[in-house]
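Q: I have a structure I would like to understand better, so I am pasting it below and will then ask my questions one at a time.
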Amino acid sequence: MEPGPGAPCPRCATPLEVAACADVADVAFQQCPGCAGHLLRQADLLRVLERLAKDLAATLGPDTVVERVPDKGGGVSCPRCGRPMEHYGYMGTNLVMIDACAPCGVLWLDTDALGAMGLLYARTQRREAAREEALRQWSEKLDERAAALGQAREVERVMGKLILKRLPFIPGL
């Protein structure tokens, strides 16, 4: 069941307003004018984070520190079904706490949570890119060393043949 215009905010009970994500087509969410929280479909979260990360990736390093967003606590009810929402840390961290209603497929994001989630997502992408680059460089070095080792073994083989040709025959060896 979709909350209609004016459904109460799960945090402060102010009527939610429909909004759109300007840079992501077909993503609508509801926001609270009272506490600045957002109600977003879980299915839309990845597209929103990818869009945020696109802008942030160029300015973030893989070790950028993301500040913890103050946790306003769990205990909120889903504006769609009224059930208690699950309260947990985004990406397994306690930097950003979010509330989810699995049956309805929605997330409640308190003030600044979406921005911090975008930073964490962008930082994770930078880390993955840095790991891939390091792996590529390591693989190139390994290939170079394998080629050098192959050449060294070939030199040893040829040198061994040359040495054997020049050594006089010694019985018992």
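The values are calculated or read from the model by the stated rules, or taken from the named source; none is laboratory data. Given the structure is predicted, the values throughout are model-derived calculations rather than measurements. Cβ atoms come from the backbone with ideal geometry, glycine included; neighbour counts cover every protein chain shown.
Q: Considering GLU133, GLU144, GLU154, which residue is in a helix (DSSP H, G or I), at pLDDT 85 or above and among the acidic types (Asp, Glu)?
A: GLU133
Q: Moving on. Which one of these is out of contact with any Asp or Glu (no Cβ under 9 Å at 6 or more places or on another chain) and under 22 Å from LEU120 (Cβ atoms): ARG41, ARG11? Can you show your working first?
A: Details: ARG11 fails: out of contact with any Asp or Glu (no Cβ under 9 Å at 6 or more places or on another chain).
ARG41 is the lone residue from the list that is out of contact with any Asp or Glu (no Cβ under 9 Å at 6 or more places or on another chain) and under 22 Å from LEU120 (Cβ atoms).
Q: Further question on the same structure: Could you run through region 69-90 and say how many residues are more than 14 Å from CYS9 (Cβ to Cβ) and surrounded by fewer than 12 Cβ atoms within 10 Å (Cβ to Cβ)?
A: 2
Q: I need the full set of residues from region 50-76 which are out of contact with any helix residue (DSSP H, G or I) (no Cβ under 6 Å at 6 or more places or on another chain), at pLDDT 85 or above, of a type outside the set (Asp, Glu) and assigned to a loop (DSSP other than H, G, I, E, B), in order please. First the steps, then the outcome.
A: First, the residues of region 50-76 that are out of contact with any helix residue (DSSP H, G or I) (no Cβ under 6 Å at 6 or more places or on another chain): 50-51, 54-55, 58-59, 61, 63, 65, 67-68, 70-76.
Then keep just the ones that are at pLDDT 85 or above; that gives 50-51, 63, 65, 67-68, 70-73, 75-76.
Filter again for of a type outside the set (Asp, Glu), leaving 51, 65, 68, 70, 72-73, 75-76.
Hits for region 50-76 are VAL65, ARG68, PRO70, LYS72, GLY73, GLY75, VAL76.
Q: Scan region 121-131 and tell me whether some residue there is under 17 Å from LEU16 (Cβ atoms), out of contact with any strand residue (DSSP E or B) (no Cβ under 7 Å at 6 or more places or on another chain) and surrounded by fewer than 22 Cβ atoms within 10 Å (Cβ to Cβ).
A: No, because not a single residue in region 121-131 is under 17 Å from LEU16 (Cβ atoms), out of contact with any strand residue (DSSP E or B) (no Cβ under 7 Å at 6 or more places or on another chain) and surrounded by fewer than 22 Cβ atoms within 10 Å (Cβ to Cβ).
Q: Please specify each residue of region 108-118 satisfying the condition of being touching an Asp or Glu at 6+ places or on another chain (Cβ under 9 Å), crowded, with 23+ Cβ neighbours inside 10 Å and among the aliphatic types (A, V, I, L, M).
A: Correct list: LEU109 only.
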